[in-house]
Every structure is written in C-alpha cells, then in structure tokens.
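S.K.: First the structure, which I've put down as structure tokens, then a few questions once you've had a look.
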Amino acid sequence: MTDFCMTDISEIDWNEAWKNPGPQRRSKGEFVTCLERWSEPERCQKFDRMAKADNWKASWERIRAMNITSESRVLDIGAGPGTLAVPLSGIVRHVTAVEPAPGMADCLRENIRQSGIRNIDLLLKNWEDVNISTDLECPFDVVVASYSLGFSDLKEALLKMNAASCKYVYIFWFADMQSPWRHNYGAIWEQLFGVPQRETRRPNIIFNLLNQIGIYANVEVTKEEHITGFSSIEEAVADQCAGLKLKTAEQEAILHDFLMRKLQPENGGYVLKGFSYRAKIWWEKEN
C-alpha cells in the first residue's frame, strides 16, 4: 500500500491507487459490487422508493448544484432508477441514461412509463463498455456521474466522460473516500473483520487523478446525513449483512446487537442514521 505521507504525490499513479486501495480494504470487509447489489429487484425497488421520497428532494439538491438550462442535453452515467434522470427530464431538452443493472433499469423504465416521459433514452450497458462514437449522440452539454463510480479503471472512465461533454462534467462522490458503510460500522469493524477500522483521510484520488491527466477540477465538500428506513429489525440485519458481505453466524450476531442499539423507531418502522462527507467535483470543458 502506498504511503501517501512519505511519497511525493506527483510520483503516485493515482489510477493504480484507485485500483489497489490496499490490503486492509481488499482482504477484509470487501463490499458487494454495485452490479451485484443492484441485481436484486426488491433492493432496487426499495432504493427507488427512497429516491422518490418528498418528490425527489435529494435529487433536486444535486440538480440545483449543476449548470442546467432548458436546452441542456444530459448524459447520466449510472442512472439507477432515474434518481437524477426523471426529475431532470422535466426541465431539460433530453436525458440519456446509462445503467448496467437490470433491476435498476426496470425501475427506471417504470418511472418513465408512470410519468409519461418522452425525453429519456436508456442504454443498458456498463460505462466501460460504452462506445461514445456509436452508442451515444455526443457531445452532451452536461455529463454527470452521481455516486456511480464503480469502475476498475477510473482514468479511462474519466477521460471518456470528458470526451462525451462539450460543456460541463459533474461527479458526486465521497469526499474522504470513506463510504457510509465504514462510517456506520467503524465501531464494530474489527469485531466483524478482524482488522481495525482506520479513518485514514486519504487524499481524494479522483481530484488528484484528474489533475494528473490535465483536468483541473473544482471541488465543493459538504457533510450530509443519510437515513435508511426498514420495516423491521430483521429486515435491517438482512439488508446490511448482504451489503457488508457477512458470511458467518457470528458476524450476523455482532451486527444484530449493534443495530439493536443503533436503529431508531420511526413511523412504525426503524431508521438507520449516519453521515458522510460528500464532494461535488466538476469542471468546464475546454474547447
């Protein structure tokens, strides 16, 4: 694992740092991949309901943070159930949504049908497999990837985003490179996986990699609360076990005891509250 404190950052290959985050992260507590997690229809439908809460409230906060006009053509990478694409469709000229997970794509299709939307096209592909010359009608005024950077080769993904845009590229991601899973379960990480949870505050790989490939981005950081709702404690344990990829009854028992203390009753169910540091990373395309 690269020692960022002792190394000149100009000598670090930030794409390799993204691919190989270190033995502690990879060998213990490896989460399910995005495609694995969103291949289950029930999980996708639950996420869809959360995204639509309060008339897409969280989505509108991100949309207002972007330079969008009524004439914008938007490329939404990792669109999910339409978290950004559906509300965007009412205020822009056209949205192309790229989504590889069939479960999420089904939710997006249903949201399009229910809303009578006519200006969203769906491309069911991994971003890595998209040919921007033949699969898309480039360039787009706005290219956005919102919490959807499940790429093994980040450099190629970023370069393709930049090439697909004629104006702006926006990325929404975790500012401290720590997912909500690590924030939520830091207190029991060592019990679950046999290694201590370290708040390393590693340099932001995305920003540094962009700089390394000659893209000088802007960054805005906020601390945000996130809330996940469950109908029962049993549902919460099952959902979080799957997300953490727990494999033993002992791990499940540790998680169950922790959630019994952490979950808060609300509206006849339970909510899990946490926080994370979020970043808007964006740049204007140089033509």
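All of the numbers you see were taken from the coordinates with simple rules; none came from a lab. The structure presented is a predicted model; accordingly, all values stated were derived computationally and were not measured. A quick note on method: Cβ atoms are made from the backbone with ideal geometry, for glycine too, and the neighbour counts reach across all protein chains shown.
S.K.: Based on the alpha carbons, how large is the Rg to Rh ratio for segment 233-287 when Rh follows Kirkwood? Numbers along the way, then the final one.
M.R.: Details: Rg = 17.4 Å, Rh = 13.8 Å.
Radius of gyration over Kirkwood radius for segment 233-287 works out to 1.26.
S.K.: Going Cα to Cα from Lys247, which aspartates and glutamates come in below 17 Å? Please leave out same-chain ones fewer than 8 positions away.
M.R.: The reachable aspartates and glutamates, counting only those whose Cα sits under 17 Å from Lys247, are Glu30, Glu36, Glu190, Glu234, Glu235, Asp239, Asp257.
S.K.: With the calculation restricted to Cα positions, what are the radius of gyration and Dmax of segment 115-186 in angstrom?
M.R.: Calculated on Cα positions, Rg and Dmax stand at 14.7, 45 Å.
S.K.: Which value at 222 nm does the chain reach when only helices count, each DSSP H run of 4 or more adding -39,500 (n - 2.57), with the total divided by all residues and rounded to the nearest 500 deg cm²/dmol?
M.R.: -11000 deg cm²/dmol
S.K.: If you take every DSSP beta bridge whose two residues both sit in the chain, what share of them, in percent to the nearest 5, is antiparallel?
M.R.: 55 percent
S.K.: Something else about it: Cα-Cα over 24 Å: which of Lys52/Lys223; Lys57/Lys125; Lys160/Lys245; Lys125/Lys223?
M.R.: Violating the 24 Å Cα-Cα cut-off are Lys57/Lys125; Lys160/Lys245; Lys125/Lys223.
S.K.: Where in the chain is the longest stretch that carries no trypsin sites (Lys or Arg not before Pro) classed as loop by DSSP and with at most 10 other Cβ atoms within 10 Å? Mind showing how you got there, number by number?
M.R.: On the way: sites that count: Arg118, Lys247.
After excluding every exposed loop site, the longest remaining stretch is 119-246.
S.K.: With only Lys, Arg, Asp and Glu charged, each at its Cβ (+1 for the first two, -1 for the last two), find how big the charge dipole of the chain is about the Cα centre; round to the nearest 20 debye. Display every interim value, and only then the final one.
M.R.: Numbers: 34 positive and 40 negative charges, 94 e Å.
Magnitude of the dipole: close to 460 debye.
S.K.: Provide Ser39, Ser276, Ser231 in ascending order of the number of other Cβ atoms located within 10 Å of each residue's Cβ, fewest first.
M.R.: Values: Ser39 16, Ser276 19, Ser231 11.
Going from sparsest to densest Cβ surroundings: Ser231, Ser39, Ser276.
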